[in-house]
1. Which FRET efficiency value, to the nearest 0.05, is calculated for residue 65 and residue 207 with the Förster distance at 45 angstrom and r the Cβ-Cβ distance?
2. Determine the calculated [θ] at 222 nm for the chain from helices alone, applying -39500 (n - 2.57) to every DSSP H run no shorter than 4 residues and normalising by the residue count; nearest 500 deg cm²/dmol.
3. Just to confirm a number: summing +1 for Lys and Arg and -1 for Asp and Glu over residues other than residue 175 whose beta-carbon lies under 13 angstrom from that of residue 175, what do you get?
4. Using alpha carbons only, how many degrees (0 to 90, rounded to 10) separate the axis of helix 88-101 from the longest principal axis of the chain?
5. Using only Cα atoms, find the angle between the long axis of helix 142-167 and the longest principal axis of the chain, and express it within 0 to 90 degrees, rounded to the nearest 10.
6. Of the DSSP beta bridges with both residues in the chain, give the percent that are antiparallel, rounding to the nearest 5.
7. On a full-extension model of 0.36 nm per residue, what is the gain between residue 93 and residue 133, subtracting their alpha-carbon distance, rounded to one decimal in nm?
8. Quick check: at a probe of 1.4 Å, how many percent of the accessible area of the chain sits on carbon and sulfur atoms?
Amino acid sequence: MRKWKCTICDYIHEGEAPPDTCPVCGAESSAFVEITESSENPVSVAQTVGAEPSFAESTEQAVQSLLSETTLKFHLHPITVHAPNGIIPMAFIFLLIAAVFSVQSLDQAAFYSFIFTLLSMPAVLFTGYVTWKHKYRGALTSIFKMKIAASIVSVILLCFLVFWRMIDPDIFSAGGMPMVIYLLLTLGLVGAVGLAGHLGGKLVFKTGN
Ligand SMILES: [Zn+2]
């Protein structure tokens, strides 16, 4: 059985020919290279997306490459994503309890949780961008488009939820339709960060459809 490797995400396919699209990242069949016993480091047939500089030419570049190297070496993206992926579902549960049992302190706790998560987003997005650019060569295949879309939706929803609560601190004590809408938007946020995390897991563990 012949083996083919996706040069974007390293997924291994077994068969006479490479798949039409990579079941993990969605790359086209041209991104696959055949693995033979003599080709331990196959050369990509896909278009290359920017070459990394061999050395830093200026202080700015030195700082940039240090940040990138640190991000990749210490796996900072999977670490930083724990903020949105861990805290947002917790905040949603707090808000549900606040809505059902009128516990105002939990509504406050959810608000602070949203603020903390919003503050963590620059680190989440930066480490995600660096990982995508270096580890996946900045390829814009379907999985990365979905991840980018989920991130944009997450940031917009998070900003909206924080600013709405700042303008109207009584959403939960007043109850009614605004509270229901706030809860539904929070649920949408749980879905968006959950989707981004699910796709990240798919890339890491190379699980196909
Ligand atoms: Zn792939």
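The values are calculated or read from the model by the stated rules, or taken from the named source; none is laboratory data. These numbers come from a predicted model, not from an experiment. Glycine gets a Cβ as well: all are built from the backbone with ideal geometry, and neighbour counts include every protein chain shown. Just the protein is used for accessible areas: all its heavy atoms, side chains included, with ligands, DNA and RNA removed. Shrake-Rupley method; radii C 1.70, N 1.55, O 1.52, S 1.80 Å.
1. Approximately 0.90, to the nearest 0.05.
2. Working: 7 runs with 125 residues, N = 209.
When only DSSP H runs of four or more count, the value is -20000 deg cm²/dmol.
3. Net charge in that neighbourhood comes out at -3.
4. 20
5. 20
6. 100
7. 10.9 nm
8. Here it works out to 66 percent.
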